[in-house]
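The values are calculated or read from the model by the stated rules, or taken from the named source; none is laboratory data. Please read these numbers as outputs of a predicted model, since none were measured by experiment. Cβ atoms come from the backbone with ideal geometry, glycine included; neighbour counts cover every protein chain shown.
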Amino acid sequence: MTFLYCANCLALTFVPPWILYKYKLIEFAPVALVVQAAFVYAGTQLFQMILMATFVPSADPHEFNVSQECMKAFITLADVLGLHYLFQKRSSMGTAAGIGLSWSATESLFRRLVPLWVEARSLQFSWNHLLTSIEANISIAIHIAFALLVWLWIRKPN
């Protein structure tokens, strides 16, 4: 039963992006673009982690510091720069949706695969793993919308 629970959580997390790509976005976003977007997402996240570790000092978690929060918000703009880099060569709405889907799938791979694989195989059922899988599906919509907003912001009118 444990294997079925783990397989259910993994399928709920990783099958919807595959279905969306396979049946809706495959003609707009080739596999090479999806892989390139995944590597750019990974590089962007690594760059953000390095900037956070370097420039944002650790402070008391119960204290609100305006300058620290502004620095975090400024560092988060690296996502926009990564998307801008991807949209320099190709610029269409289908491409933007494919890039957003790739960013969402890569985030799920990095953030959710290991916890689901390790913890969902335990003997006890936990709703947290199903909620994590549903959160991955919500993340698909958020990343596609963010990619489309950046695409609308940087595209040139005809």
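For Leu86, indicate whether it is at pLDDT 85 or above, farther than 29 Å from His129 by Cβ and either touching a Phe, Trp or Tyr at 6+ places or on another chain (Cβ under 9 Å) or crowded, with 18+ Cβ neighbours inside 10 Å (or both). Yes: the conditions hold for Leu86. Give the residues of segment 114-133 that are among the aliphatic types (A, V, I, L, M), surrounded by fewer than 14 Cβ atoms within 10 Å (Cβ to Cβ) and either under 25 Å from Gln36 (Cα atoms) or touching a residue at least 40 places away in the same chain (Cβ under 8 Å) (or both), sorted by residue number. Passing the criteria: Val114, Leu123. Just one residue in the set Ala145, Ala96, Ala136 is exposed (fewer than 15 other Cβ atoms within 10 Å of the Cβ) and in a helix (DSSP H, G or I); that residue is Ala145.
Looking only at residues of segment 28-84 that are assigned to a helix (DSSP H, G or I) and charged (D, E, K, R), we find that the one that is nearest to the chain's Cα centre (by Cα) is Asp79.
Rundown of residues vs (1) closer than 23 Å to Phe110 by Cα; (2) surrounded by fewer than 13 Cβ atoms within 10 Å (Cβ to Cβ); (3) in contact with a Ser or Thr (Cβ under 6 Å, 6 or more places away or on another chain); (4) small (Gly, Ala, Ser), yes/no style:
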{"position": "Phe3", "(1), (2), (3), (4)": "yes, yes, no, no"}
{"position": "Leu12", "(1), (2), (3), (4)": "yes, no, yes, no"}
{"position": "Trp18", "(1), (2), (3), (4)": "yes, yes, no, no"}
{"position": "Tyr21", "(1), (2), (3), (4)": "yes, no, no, no"}
{"position": "Lys24", "(1), (2), (3), (4)": "no, no, no, no"}
{"position": "Pro30", "(1), (2), (3), (4)": "yes, no, no, no"}
{"position": "Ala38", "(1), (2), (3), (4)": "yes, no, yes, yes"}
{"position": "Leu77", "(1), (2), (3), (4)": "yes, yes, no, no"}
